[in-house]
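Some notes on the structure that comes next.
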Amino acid sequence: MALVTTGVVVLDCAEPEKLAAFYKELLEADEVGSNANRVEIRAADGFRLALRRDVNVTAPSWPRPENSLQAHVEFVVEDLDAVERLIVSLGGRPTETGDPARPNDVRGYADPAGHSFTVRRGLPTAPKQG
């Protein structure tokens, strides 16, 4: 059985609802999940895109390094601990640690070349930022 069940491209933005409306029209996509900080859509071909609220976001500055983390790959998993063991065994590394006082449903990692990605169990349920 595969440990990773799907992948999602995530764009950080100040207003995910407005950006989701743009991409829903562009891709003729349907909304498949949302909460106060995130909207996820899926196109007819299965492509998934999530728009995540970041109240401190600024326009991307690529190729300059400032403001460079504006998009990342996110993988949906069932067993965070098993996936973490796999990631580390393949040469990846954790990039953030969760608060031990609460469940951690999202974890950040870097691949062996340093590219960031996250793994999550279900949709985030954090309260709206800002």
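Mind ordering 38-44, 20-26, 48-54 by average Cβ neighbours within 10 Å, highest first?
Values: 38-44: 18.9, 20-26: 14.6, 48-54: 20.9.
Highest to lowest by the protection proxy: 48-54, 38-44, 20-26.
At 7 Å along the Cα-to-beta-carbon direction for both GLU15 and VAL106, put a label point, then send me their distance in nm to one decimal.
Reported label-point gap for GLU15 and VAL106 is 2.1 nm.
Report the FRET efficiency, 1/(1 + (r/R0)^6), for GLU28 and ASN56, where r is their Cβ-Cβ distance and R0 is 35 Å, rounded to 0.05.
Numbers: r = 32 Å, r/R0 = 0.90.
With a Förster radius of 35 Å, E is 0.65.
FYI, it's all coordinate maths here, none of it is from the lab. This one's a predicted model, so the numbers in the text were calculated from it and none came from an experiment. As a convention, Cβ positions derive from the backbone with ideal geometry for all residues, glycine included, and neighbour counts pool all protein chains shown.
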